[in-house]
Each structure stands twice: as C-alpha cells, then as structure tokens.
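The values are calculated or read from the model by the stated rules, or taken from the named source; none is laboratory data. Note that the coordinates shown come from a computational prediction; the quantities given were computed from them, not determined experimentally. Glycine also receives a Cβ, built like all others from the backbone with ideal geometry; neighbour counts cover every protein chain displayed. Ligands, DNA and RNA are excluded from the accessible area calculation, which covers all protein heavy atoms including side chains. Shrake-Rupley method; radii C 1.70, N 1.55, O 1.52, S 1.80 Å.
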Amino acid sequence: MENEYYKNYSIIPTEYDSRGRRKCDGKTFRDVVKEFEYDFHETYSSEYALNFYANSRTMALLAKSNDAAPFLIYGMDLTQGDSFDPIQDPFVTHEMEKHSQHIYVYGIDSAFMTEFDEYGYPVWDEDGDIYPLTLLVDNAMSDGIVRLAVPTGDDGDEIEIAPINITQFEYA
C-alpha cells in the first residue's frame, strides 16, 4: 500500500435534497467537491487529488448530484483498509461487477480538467499530473466526511542507498 497526502472535508448530508443539490443555494454536491479539490491543491501546492474516499451513502449523494442513472453505482470498494491498494482493490471490484446488475463508476473528472475533446470528454493532462478522481468507497468513514488524497510514491519499503566515494581516475 502506498502512503498518501490527504485532507478530510465535511458536509452536512441533510442540507442536500434528493437530487444532490444544497437546499440553501442549489449548489450541487459535485460543485462542492470541486471546491474541495481547489483547497486540496492550495494545501499541497505541487499536488492534485487523485483519490476521493467516502462511505457508500456519501458516494450516492455524489451520484445524485451528477444526475447519474439509477443503475450506476459510484465507487470502488476498498479491500485493504483506509488507503487504496492499486494492486488488490481493482481485482475484487471487477469480480463483484461480473455478478451485478449495476455498472460501477470508478472515476469522475477533476475540477482541474478544463480542456475537452471533440466529443465533450475531459482531456487528461499527463504533463501536469491532472487525472480523474478515483472514487473509493470506505464504509468506515462517517456520513458527510470525504477525503481527498494523492499517493506520495513512498510505500515505506524503499531502501536508502548511501553514496560511496570512490577515487575517480582521469585520463591525461
């Protein structure tokens, strides 16, 4: 499992209607998540969130705010705990999907994806490390709590290599 930079955010689910719009101003939960993405990038200025964690009820609110069809289920169930294991987690979810009448949605476009192709799909910015948010269901999380995260690339198993000074020979 990889280590992550992360930040938790809170909402009050009862402030949203059955379509995922905030009752006081009509703002969608998806738009609120975009605000969280901007805040995350401000906190970790060189990083963009890649993982979105929430429990299944909060994930359903996200689906409603995107006007998703009822047969779409947002999020991949975690099998390794509170951080995404890119090796194990997808295999479990793909097995579940084979026996389901639903279609799983594993990601949504990032708030930073501002370019679109000729079909209207957001374009990934690989040079800027801007990718879709991977949706991860963690039912250990409370209602209304979401976590944005990005892997650090440090899984704790790396061996530190100490430099060895060797006399350099030069040709005259």
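For Tyr104, the solvent-accessible surface with a 1.4 Å probe is about 30 Å², rounded to the nearest 10. Based on the convex hull around the alpha carbon atoms, region 1-72 presents an average projected area of 5.8 nm².
Take Glu35, Glu4 and sort them by solvent-accessible surface of the protein heavy atoms, 1.4 Å probe, largest at the top. Mind showing how you got there, number by number?
Values: Glu35 85, Glu4 35 Å².
Result of the area sort, largest leading: Glu35, Glu4.
Taking a sphere under 15 Å around the Cβ of Pro70 and counting the other residues whose Cβ falls inside, with K and R at +1 and D and E at -1, yields a net charge of +1.
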